[in-house]
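Reviewing the structure listed below.
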Amino acid sequence: MLNGSGGRAAGGRLLNVDEVAEMLDIDRSTVYRHRRAGRLPLPIKIGKRVLWIGDEVKRWLEAGAPNLRRWGQMSQSKPWHGKMTI
């Protein structure tokens, strides 16, 4: 399910729900369901938009897509130091 085989590189960009869905090879409603269940990295909100940091989603996938609690523990020890384009 959360296999990341959808394939395009995220880089240091902000990803919208459609881009995250494509990366994970799931549909939009499943992205929102996983977000509510704590199965995705925390998004950021800009106005009404919900966005994810592309590099964080990529690192999360590379770490085996752990649950939110485990990801929080892992990512605290490896802070994100990428470049972001807005």
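Can you pull the percent of Cα pairs in the range 14-77 with separation above 17 Å? Intermediate results must be reported in sequence, preceding the final value.
On the way: 667 of 2016 pairs.
Of the Cα pairs, 33 percent sit more than 17 Å apart.
How far, in nm, would the chain grow between D25 and E62 when pulled straight, counting 0.36 nm per residue and subtracting the alpha carbon separation? Please report the intermediate quantities before stating the final value.
On the way: separation 37, 0.36 × 37 = 13.32 nm, distance 1.50 nm.
Once the chain is fully extended between D25 and E62, it gains 11.8 nm.
Given points 7 Å out from each Cα along the Cα-Cβ axis, report the K48 to R69 separation in nanometres with one decimal.
Going from the K48 label point to the R69 one covers 3.5 nm.
Each reported figure results from applying straightforward, stated rules to the coordinates on display, with no laboratory input. This is a predicted model, so every value here is computed, not measured. Cβ coordinates were reconstructed from backbone atoms using ideal geometry, including for glycine residues, and neighbour counts include every protein chain displayed.
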